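Colleague: Have a look at this one.
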Amino acid sequence: MAVRALGQNQEVTSVLPHRDHRVAELVERLASVPGREGRLTHLEVLPARAAVTTQWPSWCEPDVVAAFGATGITAPWRHQAEAASAAHAGHHVVLATGTASGKSLGYQLPALSALRAARSAHGQRGATVLYVAPTKALAHDQLSGLLTLGLDVRVATHDGDSTREQRDWARDHGEYVLTNPDMLHRSLLPGHARWARFLGSLHYVVIDECHHYRGVFGAHVSHVLRRLRRLCAAYGAQPTFVLASATVADPATTARRLTGLDVSAVTADASPRGEVSLGLWEPPFTSFTGENGAPVRRAASSETADLLADLVAEDVRTLAFVRSRRGAEQVAMTAAGLLADVDGSLPGRVAAYRGGYLPEERRAIEEALRSGELIGLAATNSLELGIDISGLDAILMAGFPGTRAALWQQVGRAGRGAGDALGILVAGDDPLDTYLVHHPEALFGQPVEATVFDPDNRFVLGPHLCAAAQELPLTEAELGLFGPTARETLDSLTASGLLRQRARGWFWTDRRRACDLADIRSAGGSPIQLIEADTGRVVGTVDSGRAHSTAHAGAVYVHRGESWLVEALDLEAAVATMARTEPDYSTTAREVTDITIVEERGHRSWGVCRLAFGEVDVSHQVVSFLRRRQPSSEIIGEEPLDLPVRSLRTTAVWWTAPAQALSRAGLEATDLAGSAHAAEHCSIGLLPLFATCDRWDIGGVSTAAHPDTGCLTVFVHDGHPGGAGFAERGFQTARAWLTATRDVIASCTCEEGCPSCIQSPKCGNQNNPLDKSGARVLLDALLDTASDE
Ligand SMILES: [Zn+2]
Ligand SMILES: [Zn+2]
């Protein structure tokens, strides 16, 4: 229906590039199709922005300027020059501007100038630069960019793909070495004696895409960088750190936490941009019901398929991002089916893009999109780095991609250069997406999303202190570098015999490599191997903490967009066996949780209510899993599981409301459990807006009376040993976070609660009891007394 209504307007051939057919009109048309009333909740049009260029700073080496000039860059944008000059002056700096704002130039300019200047002064390698990227792919992109400049600078990658000869060459002759935190941790730092000359002449350390370093991974990387700084100092170097980040809340604070240094931020983006229109779209409730009779919204992927068909019918080149490969294929197929009713030639112009293509297959798809042979493509989020598509007009997102940074990255795929771009975010059926489509300011205003991690987590810090001690004996004076918990952690490592204290400091006395104590990509616990049942091939690994809920027998496990059915989970052998499959359902595990307070680390009083942060013991157990038909989410069965209880010492934020506050608010004793439970679920769903985490990284407990507090208490805890900083961020932003929670509950149009507001997919208590109106009253009473942070 929808397609036909739009398809009648066949004289429109290419909508976006022409100013006379404004993007806004197109969106209005999509939204005004009969039956779609109310789905477009907001359309934000960000006007085109002209570039602000400036002069090349006077300190730049002329051949570096000439090399950039030859690639078409005749003058830097203001933010590039500003960051470059700060770095050149020896100030640590983070450049936090939008996608495609040329952040590389900001660090390449001072780095290459330093290398060229040192070479002319010494005639040989006189300075070095270390570039650190979160992925190999990014480092390789960076390498080809540097090689294109054609400067006489010795650039080399040092990663898992490098041969022994390449690594030796990088170490002995490389001036600009590109690596990743894993290689620093396992190879470069432990082998520092051989890198002494490189480290001793290090001028710059570049930390690219530093918003990737979050959660437990972020804490690990922060200590890898402290170990690097310590070794540089030992070899007489004080490198300047230049960081690049997506736009997030308070990038200077994050950069400071990550490096342990004073870092200033450059955030005013002076790059040009075409007009960007971003529509926020909320699927309607469907006629069938979910758990406890709750209404269920139409799947974001089904809605996305409709919109993809409409846009293709209008000849708008569109890329749709969908969570799984199966989902992407379904979206492409559904869109093609709808288009067949409009014009028999159209279905062939929509395709799904999956990971794992050969380079030539990838290029064929890129070419088909460029030439216009393909107009619509559905892909998984893992497309991100692998494909080079230009000339797209529109981006559809089936569900919020997790972070604001990721959303703008995806929208940035459309309308590169001066062309206008359209993006539509189609909300998934959960509290965060619901909040976003009703609160555009969360996407367009000042970012509230911060890159969060906790360098003081002792579970993370311990192995790095051991690694540091093996690299060079640790002295008392160096402990400050590793933060306030270093001394205590060191003492317990010494007591356990891993380190030994001598006159010259703490020594590693074990025969093992200390760096093997920490797997910096793992969230804790020993990893479970995912094995293909037929072949015995290792497909990947999953943290043991997550295996219970994602890799139990019967689970549909999505790995890089591919679906697998888990046949068995053997915790003792640390393996899960599974087989490739395309089931028409997904699974979600449900768990029950208990919590006890170990130590309060901070609190705030909100009237008679109280907000606290501290250490807790969590015990939780996955008790069952649900099968849900996809894409509708209809529950088709629940099966019990027999998995052991897991215990975890971690951090939590909690709030308490005493009886007097509850009775004053008019809450009856019988309302309390359901009200607290509903508030807990919804607040877990909203925390990822403030802390860059996934709702599966955190958990919660609520009770009408908790033994440790004596009154109604709602806990939200980190899911990793020692905490990842998410609960702490909740404590810091409690007022805004809980206000957002209240707003979602207040604005959701369901009667008694649904997955968009208070129902949680992983609730071990069958989402029962839940009291939607009580939760609102409870949160109102709590926030009434809230003081500003
Ligand atoms: Zn609802
Ligand atoms: Zn629950």
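The values are calculated or read from the model by the stated rules, or taken from the named source; none is laboratory data. None of these values were measured; they are calculated from a predicted model. Cβ coordinates were reconstructed from backbone atoms using ideal geometry, including for glycine residues, and neighbour counts include every protein chain displayed.
Let's see how each residue does on (1) within 16 Å of ligand 2 (Cβ to nearest atom); (2) polar (S, T, N, Q); (3) farther than 21 Å from Ser605 by Cβ; (4) more than 32 Å from the chain's Cα centre (by Cα):
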site	(1), (2), (3), (4)
Leu643	no, no, yes, no
Ala661	no, no, no, yes
Gly674	yes, no, yes, no
Ala678	yes, no, yes, no
Leu687	yes, no, yes, no
Trp696	yes, no, yes, no
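Colleague: To continue, here is another question. What's the number of the only condition in (1) surrounded by 23 or more Cβ atoms within 10 Å (Cβ to Cβ); (2) within 19 Å of Thr240 (Cβ to Cβ) that His158 fails to meet?
Modeller: Only one criterion is unmet by His158, namely (2).
Colleague: Could you look through segment 737-779, keep only residues that are among the hydrophobic types (A, V, I, L, M, F, W, C) and not in a helix (DSSP H, G or I), and pick out the one that is nearest to ligand 2 (Cβ to nearest atom)?
Modeller: The extreme case among them is Cys763.
Colleague: Would you mind finding the one in Ala736, Ala781, Ala740 that is aliphatic (A, V, I, L, M) and closer than 29 Å to His220 by Cα? Let's see the steps before the verdict.
Modeller: Working: Ala781 fails: closer than 29 Å to His220 by Cα; Ala740 fails: closer than 29 Å to His220 by Cα.
The unique qualifying residue is Ala736.
Colleague: Looking at segment 251-268 only, could you name the residues that are surrounded by fewer than 22 Cβ atoms within 10 Å (Cβ to Cβ) and either among the aliphatic types (A, V, I, L, M) or within 20 Å of Ala84 (Cα to Cα) (or both)?
Modeller: Within segment 251-268, Ala252, Thr253, Arg256, Leu261, Asp262, Ser264, Ala265, Thr267, Ala268 meet the criteria.
Colleague: Take the residues in segment 557-595 that are free of Cβ contacts under 8 Å to residues at least 24 places away in the same chain and small (Gly, Ala, Ser), then tell me which one is farthest from Val623 (Cα to Cα).
Modeller: Step by step, filter segment 557-595, then rank; the result is Ala573.
Colleague: Of everything in segment 128-153 that's surrounded by 17 or more Cβ atoms within 10 Å (Cβ to Cβ) and in contact with a Lys or Arg (Cβ under 8 Å, 6 or more places away or on another chain), which residue is nearest to Gly200 (Cα to Cα)?
Modeller: Val153
Colleague: Output the qualifying pairs, or none if there are none: Cβ atoms under 6 angstrom, residues six or more apart or on different chains, first residue in segment 205-217 and of a type in the set (Asp, Glu), second residue part of a loop (DSSP other than H, G, I, E, B).
Modeller: Qualifying pairs under 6 Å: Asp208/Ala133; Glu209/Pro134.
Colleague: Okay, next question. Restricting to segment 152-180, what's the tally of residues that are part of a loop (DSSP other than H, G, I, E, B) and of a type in the set (Ser, Thr, Tyr)? If you could, list the steps in order and put the result at the bottom.
Modeller: Applying the first criterion (part of a loop (DSSP other than H, G, I, E, B)) to segment 152-180 yields 152-154, 158-163, 174-175, 180.
After this cut, where a residue has to be of a type in the set (Ser, Thr, Tyr) as well, the list is 162-163.
Result for segment 152-180: 2.
Colleague: Taking the conditions exactly as written (in contact with a Gly (Cβ under 6 Å, 6 or more places away or on another chain) and under 22 Å from Leu261 (Cβ atoms)), does Ala83 satisfy them or not?
Modeller: Values: in contact with a Gly (Cβ under 6 Å, 6 or more places away or on another chain): yes; under 22 Å from Leu261 (Cβ atoms): yes.
Against the criterion (in contact with a Gly (Cβ under 6 Å, 6 or more places away or on another chain) and under 22 Å from Leu261 (Cβ atoms)), Ala83 qualifies.
Colleague: How about segment 674-705: which of its residues are polar (S, T, N, Q) and away from ligand 1 (no atom under 16 Å from the Cβ)?
Modeller: At the first step, the residues of segment 674-705 found to be polar (S, T, N, Q) are 675, 683, 692, 702-703.
Within segment 674-705, Thr692, Ser702, Thr703 meet the criteria.
Colleague: Being at pLDDT 95 or above, of a type in the set (S, T, N, Q) and within 16 Å of ligand 1 (Cβ to nearest atom) is the filter here, so list the residues in segment 706-755 that pass it.
Modeller: Thr741
Colleague: Here's a follow-up. Do we find a residue being buried (at least 20 other Cβ atoms within 10 Å of the Cβ) and within 30 Å of Arg413 (Cβ to Cβ) anywhere in segment 224-238?
Modeller: For segment 224-238, residues buried (at least 20 other Cβ atoms within 10 Å of the Cβ) and within 30 Å of Arg413 (Cβ to Cβ): absent.
Colleague: While we're on this one: Pick out, from segment 598-711, the strands (runs of 3 or more DSSP E) lying fully within it that include 3 or more residues that are more than 30 Å from Pro583 (Cα to Cα). It would help to see each step written out before you state the result.
Modeller: Details: elements: 609-629, 635-640, 646-657, 698-703.
Result: 609-629, 646-657, 698-703.
Colleague: Right, something else. Find the residue count for segment 298-330, including only residues that are among the charged types (D, E, K, R), surrounded by 24 or more Cβ atoms within 10 Å (Cβ to Cβ) and within 16 Å of ligand 1 (Cβ to nearest atom).
Modeller: Number satisfying all stated conditions: 0.
Colleague: Counting only residues that are hydroxyl-bearing (Ser, Thr, Tyr) and assigned to a loop (DSSP other than H, G, I, E, B), which one in segment 90-112 is modelled with the highest pLDDT?
Modeller: As a first pass, look at segment 90-112 and keep what is hydroxyl-bearing (Ser, Thr, Tyr): 97, 99, 101, 104, 107.
Checking which are assigned to a loop (DSSP other than H, G, I, E, B) leaves us with 97, 99, 101.
Working: Thr97: 94, Thr99: 83, Ser101: 91.
Here the answer is Thr97.
Colleague: When the residues of segment 196-207 are filtered to those that are under 33 Å from the mean Cα position of the chain (by Cα) and not in a strand (DSSP E or B), which remaining residue is nearest to Gly126 (Cα to Cα)?
Modeller: Step one: filter segment 196-207 for residues under 33 Å from the mean Cα position of the chain (by Cα), giving 198-199, 202-207.
Pick out the ones that are also not in a strand (DSSP E or B) and you get 198-199.
Values: Phe198: 9, Leu199: 11 Å.
The residue in question is Phe198.
Here's the yes/no breakdown for (1) modelled with pLDDT under 95; (2) in contact with a helix residue (DSSP H, G or I) (Cβ under 6 Å, 6 or more places away or on another chain); (3) exposed (fewer than 15 other Cβ atoms within 10 Å of the Cβ):
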site	(1), (2), (3)
Gln621	yes, no, no
Gly637	yes, no, yes
Leu648	yes, no, no
Trp655	no, no, no
Arg664	yes, no, yes
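Colleague: Pick out the one residue from Gly423, Gly419 that is at pLDDT below 95 and either surrounded by fewer than 24 Cβ atoms within 10 Å (Cβ to Cβ) or under 24 Å from Thr318 (Cβ atoms) (or both).
Modeller: Matching residue, one of Gly423, Gly419: Gly419.
Colleague: I need the full set of residues from segment 597-635 which are under 23 Å from Val558 (Cβ atoms) and in contact with a Gly (Cβ under 6 Å, 6 or more places away or on another chain), in order please.
Modeller: Across segment 597-635, the qualifying residues are Val623, Arg627.
Colleague: Which of the residues spanning segment 57-89 are crowded, with 21+ Cβ neighbours inside 10 Å and assigned to a loop (DSSP other than H, G, I, E, B)?
Modeller: Listed by number, the residues that qualify are Cys60, Pro76.
Colleague: Taking into account only those residues within segment 265-277 that are at pLDDT below 95 and in a strand (DSSP E or B), which is nearest to ligand 1 (Cβ to nearest atom)?
Modeller: So the residue we want is Ser277.
Colleague: Any idea how many residues of segment 517-531 are loosely packed, with under 14 Cβ neighbours inside 10 Å and modelled with pLDDT of 90 or more?
Modeller: 0
Colleague: Within segment 342-350, identify whether any single residue is out of contact with any strand residue (DSSP E or B) (no Cβ under 6 Å at 6 or more places or on another chain), more than 26 Å from Ile635 (Cα to Cα) and among the hydroxyl-bearing types (Ser, Thr, Tyr), and answer yes or no. Working first, answer last.
Modeller: Within segment 342-350, the subset out of contact with any strand residue (DSSP E or B) (no Cβ under 6 Å at 6 or more places or on another chain) is 342-349.
After this cut, where a residue has to be more than 26 Å from Ile635 (Cα to Cα) as well, the list is 342-349.
Okay, now just the ones that are also among the hydroxyl-bearing types (Ser, Thr, Tyr), so 345.
Yes - at least one qualifying residue is present in segment 342-350.
Colleague: Going residue by residue through segment 404-413, is there one that turns out to be among the aliphatic types (A, V, I, L, M), surrounded by 20 or more Cβ atoms within 10 Å (Cβ to Cβ) and modelled with pLDDT of 95 or more?
Modeller: No, segment 404-413 contains no residue that is among the aliphatic types (A, V, I, L, M), surrounded by 20 or more Cβ atoms within 10 Å (Cβ to Cβ) and modelled with pLDDT of 95 or more.
Colleague: Go through (1) crowded, with 24+ Cβ neighbours inside 10 Å; (2) more than 16 Å from ligand 2 (Cβ to nearest atom); (3) within 21 Å of Pro658 (Cα to Cα); (4) of a type outside the set (D, E, K, R) and name the single condition Ala786 misses.
Modeller: Result: Ala786 passes all but (1).
Colleague: Moving to a separate point now. Can you tell me which residue is nearest to the chain's Cα centre (by Cα) among those in segment 532-577 that are surrounded by fewer than 17 Cβ atoms within 10 Å (Cβ to Cβ) and among the charged types (D, E, K, R)?
Modeller: Residue satisfying both the conditions and the ranking: Arg560.
Colleague: Among the residues of segment 221-228, are any under 30 Å from the mean Cα position of the chain (by Cα) and part of a loop (DSSP other than H, G, I, E, B)? Talk me through it step by step, then tell me what you get.
Modeller: Residues of segment 221-228 under 30 Å from the mean Cα position of the chain (by Cα): 221-228.
From what is left, the residues that are part of a loop (DSSP other than H, G, I, E, B) are none.
Looking through segment 221-228, none of the residues is under 30 Å from the mean Cα position of the chain (by Cα) and part of a loop (DSSP other than H, G, I, E, B).
Colleague: Quick one: in segment 763-783, which of the residues that are of a type in the set (D, E, K, R) and out of contact with any Gly (no Cβ under 8 Å at 6 or more places or on another chain) is surrounded by the most Cβ atoms within 10 Å (Cβ to Cβ)? Talk me through it step by step, then tell me what you get.
Modeller: Quick first cut of segment 763-783, residues of a type in the set (D, E, K, R) only: 771-772, 776, 780.
Checking the rest, the ones that are also out of contact with any Gly (no Cβ under 8 Å at 6 or more places or on another chain) come to 776, 780.
Values: Arg776: 22, Asp780: 13.
Once the filter is applied, the top-ranked residue is Arg776.
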